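Peer 1: One structure is given below, represented as structure tokens, and several questions about it will come after.
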Amino acid sequence: MHLSPALEKRYTREQHSAREAQRLAEFIAWGPMIFQVSRLMLKFGILELLRDSDEGLTRAEIVQQTQLSDYAAKILLEGSLCIGTVLVNTETERYTLSKTGWFLLTDPATRVNVDFNHDVNYEGLFHLEEALREGRPAGLEHFGAWPTVYEGLSSLPEQVQKSWFGFDHFYSDSAFPSALKIVFGYRPMTLLDVGGNTGKWAMQCVGHDPDVEVTIVDLPQQLAMMRRQTQGKPGAERISGYGMNLLDPSADFPTDRHYDIIWMSQFLDCFSMEEITSILSRAARIMDDDSRLCIMETLWDRQKYEPAALCLTMTSVYFTDIANGNSKMYNTEDMTACVEAAGLRVETIHDGVGEQGHSIMVCRR
Ligand SMILES: C[S@@+](CC[C@H](N)C(=O)[O-])C[C@H]1O[C@@H](n2cnc3c(N)ncnc32)[C@H](O)[C@@H]1O
């Protein structure tokens, strides 16, 4: 198994003393309470108040500034002390923010993950067991009767959509500036953006290169959303849409022109390995020796920082329970196996694209 040096260090040998291990086990057992208490410390602005106070705040001051009851403040503050997001001075009885509290409050990735987990995943996770046993997104049912989250995306409740897109965009957006340099280093005139979503990458491409023409392939309902979002913006006239369901094995990629680059960003993780192989085989059919397939993914085994691998393997659980029941965040070995099964080869892998641990796998026929 391939693991980056940081992961090798952490995942191949025991890390904790017995006491730490016991605490971690309790952390897991009380995970739902720990999550909700911490989320509400954010939502009620308590962590922010603590950060902005010079000497910390007493519980009475927190009650006064948040309008919560003394009971509610006690529940949250006592819980947060044990969770480790706040500290207390026993003499002055003033609470301050701990290092963990500071990260929870200020790390943008953590905030996006908290919203995603509460709004998109939390309720549905009760059904993870069925999802794992039956290979279907059992946790999606309380939102609607779609086979996968993608068919339902445009009709999810507003707050759920906000957190879903917040999560999706946060990760890929931060990689786009570096990805543009890599992709446009191949001087494409035409680019097929597979799973182009709301057109954010396509807009960046037409902004970056005055001639490039981009075709977005996505589900028809998603293309309608993309058209609304790109309409009237500079360069949007060089973006076109091609609606298709790639899960249909007979659905072929557009053959109206030669595509220099086929781009798949955070897209293949929406599918099982069998489905990926089918999609890539169809992509290979419209490629010639000059075409390149660029797959941008956060491959969990290549992460430079361990918390990133944690986020990715936990994101896999969202795919199991909510998204589709059969996909995940892949590692290099699995993705390469799909590429090769589709008759392609990995030419090179660019790591560390952007700040959130993306890699671009460049593949050729
Ligand atoms: C996770 S989003 C990735 C969006 C974008 N490429 C990015 O990097 O942020 C996956 C996209 O794949 C599309 N998609 C999922 N299943 C699909 C299918 N069966 N056929 C076509 N597109 C699909 C979704 O609608 C969504 O826009």
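The values are calculated or read from the model by the stated rules, or taken from the named source; none is laboratory data. Fair warning: this is a prediction, and the values are worked out from it, not measured in the lab. Glycine gets a Cβ as well: all are built from the backbone with ideal geometry, and neighbour counts include every protein chain shown.
Peer 1: Looking only at the range 1-48, which residues are among the aromatic types (Phe, Trp, Tyr) and exposed (fewer than 15 other Cβ atoms within 10 Å of the Cβ)?
Peer 2: Across the range 1-48, the qualifying residues are Tyr11, Phe27, Trp30.
Peer 1: Using beta carbons and a limit of 6 Å, which pairs, at least six apart or on different chains, have the first residue in the range 161-175 and closer than 15 Å to Phe267 by Cα and the second one in a helix (DSSP H, G or I)?
Peer 2: Here the result reads Trp164/Val120; Phe167/Val112; Phe167/Phe116; Phe170/Val112, each pair linking the range 161-175 to a residue that is in a helix (DSSP H, G or I).
Peer 1: OK, next. With loosely packed, with under 14 Cβ neighbours inside 10 Å, under 33 Å from the mean Cα position of the chain (by Cα) and farther than 30 Å from Asp168 by Cβ as the only criterion, which of Asp107, Asp52 stands out?
Peer 2: On inspection, the qualifying residue turns out to be Asp52.
Peer 1: Right, here's the next one. Quick one: how many residues across the range 280-302 are within 14 Å of the ligand (Cβ to nearest atom) and either part of a loop (DSSP other than H, G, I, E, B) or free of Cβ contacts under 8 Å to residues at least 40 places away in the same chain (or both)?
Peer 2: 2
Peer 1: Just to check your reading of the model, which residue among Glu306, Glu347 is surrounded by fewer than 18 Cβ atoms within 10 Å (Cβ to Cβ) and touching a Cys at 6+ places or on another chain (Cβ under 7 Å)?
Peer 2: That would be Glu347, the only listed residue that is surrounded by fewer than 18 Cβ atoms within 10 Å (Cβ to Cβ) and touching a Cys at 6+ places or on another chain (Cβ under 7 Å).
Peer 1: Need the failing condition index for Thr315 against (1) assigned to a loop (DSSP other than H, G, I, E, B); (2) modelled with pLDDT of 95 or more, just the number.
Peer 2: The failed condition is (1).
Peer 1: A further question on this structure: Only one of Thr198, Thr215 is among the polar types (S, T, N, Q) and more than 9 Å from the ligand (Cβ to nearest atom); which?
Peer 2: Thr215
Peer 1: Can you pull out the residues in the range 54-83 that are under 20 Å from Asp107 (Cβ atoms) and either touching a strand residue (DSSP E or B) at 6+ places or on another chain (Cβ under 8 Å) or in the same structural domain as Asp119 (by TED's automatic domain parsing) (or both)?
Peer 2: Ser80, the sole residue that qualifies.
Peer 1: Here's another thing I want to ask about it. Would you say Thr277 is in contact with a helix residue (DSSP H, G or I) (Cβ under 9 Å, 6 or more places away or on another chain), surrounded by fewer than 16 Cβ atoms within 10 Å (Cβ to Cβ), assigned by TED's automatic domain parsing to the domain that holds Glu141 and among the hydroxyl-bearing types (Ser, Thr, Tyr)?
Peer 2: The answer is no for Thr277.
Peer 1: Quick check: is even one residue across the range 322-337 part of a helix (DSSP H, G or I), within 13 Å of the ligand (Cβ to nearest atom) and of a type in the set (Gly, Ala, Ser)?
Peer 2: Yes - at least one qualifying residue is present in the range 322-337.
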